[in-house]
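Read the figures in this text as sums done on the coordinates, not as results from a lab. The model shown is predicted, which means the values in this text are computed figures rather than measured ones. Here the Cβ is made from the backbone with ideal geometry for all residues, glycine too, and neighbour counts use every protein chain on show.
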Number of protein chains: 2
Amino acid sequence: MMDAPVDYRRLNNMKLGDVLFSQRSVRRFRPDPISIDDIHVIMEAAVRAPNGGNDQPARFLVITDRALLDRMSQLYREAWWAKRHDAGYTWTSIEDIPPEEKNYRAAARLAENMAGVPAMILAFGRSSEDGSSVIPAVQNLMLAARGLGIGSLPTRLHPVVMQRVNELLGIPDSVHLHLLIPLGYPATEKAFGVSRRKPTSETVYLNHWDQAVPWS
Amino acid sequence: MMDAPVDYRRLNNMKLGDVLFSQRSVRRFRPDPISIDDIHVIMEAAVRAPNGGNDQPARFLVITDRALLDRMSQLYREAWWAKRHDAGYTWTSIEDIPPEEKNYRAAARLAENMAGVPAMILAFGRSSEDGSSVIPAVQNLMLAARGLGIGSLPTRLHPVVMQRVNELLGIPDSVHLHLLIPLGYPATEKAFGVSRRKPTSETVYLNHWDQAVPWS
């Protein structure tokens, strides 16, 4: 193995399987800061992911400044409710969301509590078509974070706030925001664990569409 | 940690940091088959990745059938050259590609040698906009493969072959192919290692676009 540009051995405190099978989306964070050394190793892990033709179009903006985090959390909340409005929902607060809509209620709580996160990472490409050169890095980033006990999840903003986000952070028009990832130590125990998914026998086929895999 | 639906402990033979910092794109494969148990654990790792609202739109088609792999490799080669044609290149064979275009020559060699791969995985979403619900799973898939010593890289097809691909594999028009991932044991030693990347001090900013990170 070639030398890496950062000492990544702290990530070796966890094993690959334990990380892949316990990286669950974390939506409630402690305010404790993330050290810049941790952010460094997380970002080095991010950029190791594959990208098309090694053009490396991905750019990342790490936010740790308290005033910027506060403003971004306001814009995130506005964006979250704008997306619900676009989707035809008339809810205007968490109380309006029916209890059975658990995913929406959890996401709304995050939108209300984003102000508490100690760090955000914004992941950009050249355009919306660059996903396969940006999103693998975001997944590496979140796995590396989980390896350090730091929770995260991928979120999106909404066009209604983008001009203000770009002005706030000096983001040029020539780039496209793919994902915004809040980072923080989980506020609850058991925040990490195996994510709930449909059985792979329903989502994975062998040799022909809809043909069962042998483990089904 | 909750019970996982597969025994993923084989993935614990490698540590997180060693995997994140050695998953390099592999383009030359041995023909040795990948066991279905390995494919199973790889796909279980894939679906654990985050996806938007837990809608789980991703679908995967694993190809291990020799005749299908042969036909897909022909279509992959045709697609690869069609992309070069779209990009304005007049090359029609590897010999036409200048030696300094190392990335293109390596990719062209893969296009010529894809027939040798023992497995391919096709990753689908509902549309091209589903990338953030499909591509994280593809990255998990490739990391899990690397954890088992199996090489891979993300590739794309081209519209000119899609109708034939869909007919060959029974793929419905209602889904969108994001990536095609060949899987195989590397043909060369030292296939894995730290990928070459720009310094993160050039691609990661702190609190404002173009503002240096402290490790730069």
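Within region A:30-126, the GluC sites (Glu not before Pro) that combine a DSSP coil assignment with at most 14 other C-beta atoms in a 10 angstrom radius are A:Glu100, A:Glu101. Set the Cα radius of gyration of region B:1-108 against 2.2 N^0.38 Å, with N its number of residues, and you get 1.43. Within region A:67-216, all pairs of alpha-carbon atoms sorted by distance into 5 Å bins from zero give the percentages 2, 8, 14, 16, 18, 17, 13, 7, 4, 2, 0. In this simple spin-label model, placing a label point 7 Å from the Cα along the Cα-to-Cβ direction at both B:Arg126 and A:Glu189 gives a separation of 3.9 nm. Here's how it looks for B:Tyr205: its modeled amide H is under 5 Å from those of A:Phe60, A:Leu61, A:Val62, which are all 5 or more places away or on a different chain. Taking 29 Å as the straight-line reach from the Cα of A:Lys102, the lysines in range (excluding those fewer than 8 positions away in the same chain) are A:Lys83, A:Lys190, A:Lys198.
Taking +1 at the Cβ of each Lys and Arg and -1 at the Cβ of each Asp and Glu, which of A:Asn54, A:Ala82, A:Met14 sits farthest along the dipole of region A:9-203 towards its positive end, judged by Cα position relative to the Cα centre? It is A:Met14, whose Cα lies furthest towards the positive end.
Net charge dipole, chain B: roughly 500 debye, given to the nearest 20, about the Cα centre with Cβ charges of +1 for Lys and Arg and -1 for Asp and Glu. Averaging the sequence gap over all C-alpha pairs within less than 8 Å and six or more residues apart, then dividing by the number of residues, gives chain B a relative contact order of 34 percent.
In this assembly of identical copies, the label point of B:Ser35 (Cα plus 7 Å along Cα-to-Cβ) is separated from its counterparts by 4.0 nm, sorted shortest first. Of the residues A:Leu179, A:Gly131, A:Phe29, the one whose Cα sits farthest towards the positive end of the charge dipole of chain A is A:Phe29 (charges of +1 on Lys and Arg Cβ, -1 on Asp and Glu Cβ, taken about the Cα centre). Any chance you could check the Cα centroid distance between region A:85-141 and region B:5-74 for me, in angstrom? If we compute the Cα centre of each part, the gap is 27 Å. Comment: the Cα-to-Cβ extended label point of A:Arg156, at 7 Å, lies 1.8 nm from its counterparts in the other copies, nearest first.
Backbone geometry of region B:131-136 corresponds, through the Karplus equation with coefficients 6.51, -1.76 and 1.60 at θ = phi - 60°, to 3J(HN,Hα) couplings of x, 6, 9, 10, 5, x Hz, x marking Gly and Pro. Here is the result for region B:9-66: no chymotrypsin sites (Phe, Trp or Tyr not before Pro) lie in DSSP coil with at most 16 other C-beta atoms within 10 angstrom of their C-beta. Take B:Leu68, push a point 7 Å out from Cα through the beta-carbon direction, and compare it with the same point in every other copy: 4.8 nm, smallest first. Near A:Asn166: Cβ cut-off under 14 Å, other residues only, Lys/Arg at +1 and Asp/Glu at -1. The net charge is 0.
Of the trypsin sites (Lys or Arg not before Pro) found in region A:107-198, those that fall in a DSSP loop while having at most 12 other beta-carbon atoms within 10 Å are A:Lys190, A:Arg196.
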